[in-house]
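Undergrad: Before anything else, here's the structure in question.
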Amino acid sequence: MCVSLFKKVDHHRSWPFIEIFIIVSLLFPLIIILSCEREREAEFKSKTHSPPVITSLNILPDKPNKESELNLVIRSHDPDGDPVTYRYQWMRNDEEIIGEDKSTLKSGNFKKGDLIRGKVTPSNGKVEGKPFLSDPVKIVNSPPMIQGVQVEPKMASARDNLRVYVKSFDADGDFVYYTYQWESNGVALSEEKAETLERTRFKKGDSIAVMVTPDDRETRGFPKKSEPVIISNSPPIIISPPPTSTEGTTYLYQVKAGDPDNDPIVFTLKSAPKGMEIDRNTGLIRWEIRPEDKGPHLIEIEASDNAGAKSIQRYTLTVEFK
């Protein structure tokens, strides 16, 4: 009985050992896995990430002016092959330009003579590299620009002097000088380089234009050519002063006129007392005065050319008898 009892007790005492064995058997793989993960994590944490390195940094264009847009051109390398991003900072005369933290610097942030640099810091998302400072670029002079050029008067004749009017702009605010080159019928008038072209240098029918080049004494701008002006026909001009009184009974007046285009001139009386006549070719006026012609008379003489251009001379002739 005691033996039987002992066996029964011994049977019941063996169960905890079995349970422990089963539990240990189940936990052992998990313990191995957790141990490997810890080792991997420790290895990852112990690993040192190499920072990215900028190998070159340039600003384009390399000779900017006040109206240029500046861009950073970057070359970099990451030893671990990670993608590289950048943090930007633009500098003007060695001072940071507040708010300018993009790869592009727009015009309006600098002026002629400023020194511009770019500072770039690389990152691979895990660690930042050393900041890299570009060489400075100097903001150079902006060339002046012609906005408009025209010859005045627009309706010109051979009796007019021509003058050029220019509208220009200089981004740096410099004073703009001009050089002129006049042209007649597409051929340069080599000696005509002034602002004004004298009327003796062209004739009726000529096509006159002028090329203007701006200059601020540092840089020449692009030349601009005016639209041509066609020299129109000029009317003849009566240049003789009329006698406004009479002596005796015969009135004589030799009308003299000139035509800037050297066209032939025809003379006509448009208003005259009865009996007054004019030679249409020579312009000689003759009038035999009668007693009843006493008093004032309005005289109108027209001089015209073969193109229809005309001018009028008006005056009052007073007849008196003594």
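Undergrad: Of the residues Ser68, Ser76, only one is at pLDDT 95 or above and within 28 Å of Gly173 (Cα to Cα); which?
TA: Matching residue, one of Ser68, Ser76: Ser68.
Undergrad: Test Ser103 against the criterion of being among the polar types (S, T, N, Q), in contact (Cβ under 8 Å) with a residue 40 or more places away in the chain and under 29 Å from Asp172 (Cβ atoms), and give yes or no.
TA: For Ser103, the condition - among the polar types (S, T, N, Q), in contact (Cβ under 8 Å) with a residue 40 or more places away in the chain and under 29 Å from Asp172 (Cβ atoms) - is not met.
Undergrad: Let me ask another. So, in region 103-135, of the ones that are among the hydrophobic types (A, V, I, L, M, F, W, C) and outside any loop (DSSP other than H, G, I, E, B), which residue ends up farthest from the chain's Cα centre (by Cα)?
TA: Taking the candidates together, the pick is Phe132.
Undergrad: Check Ile285, Ile239, Ile231, Ile208 and return the single one that is buried (at least 16 other Cβ atoms within 10 Å of the Cβ), over 28 Å from Gln150 (Cα atoms) and modelled with pLDDT of 95 or more.
TA: Ile285
Undergrad: Let me ask you something else. Taking the condition modelled with pLDDT of 95 or more and either closer than 30 Å to Met211 by Cα or loosely packed, with under 14 Cβ neighbours inside 10 Å (or both), does Asn58 pass?
TA: no
Undergrad: Report, by residue number, each residue of region 153-178 that is in a strand (DSSP E or B) and crowded, with 17+ Cβ neighbours inside 10 Å.
TA: Ser157, Leu162, Val164, Val166, Ser168, Tyr178, listed by residue number.
The values are calculated or read from the model by the stated rules, or taken from the named source; none is laboratory data. Everything numeric in this text was worked out from a predicted model, so none of it was measured. Virtual Cβ from ideal backbone geometry, glycine too; neighbours counted across all protein chains shown.
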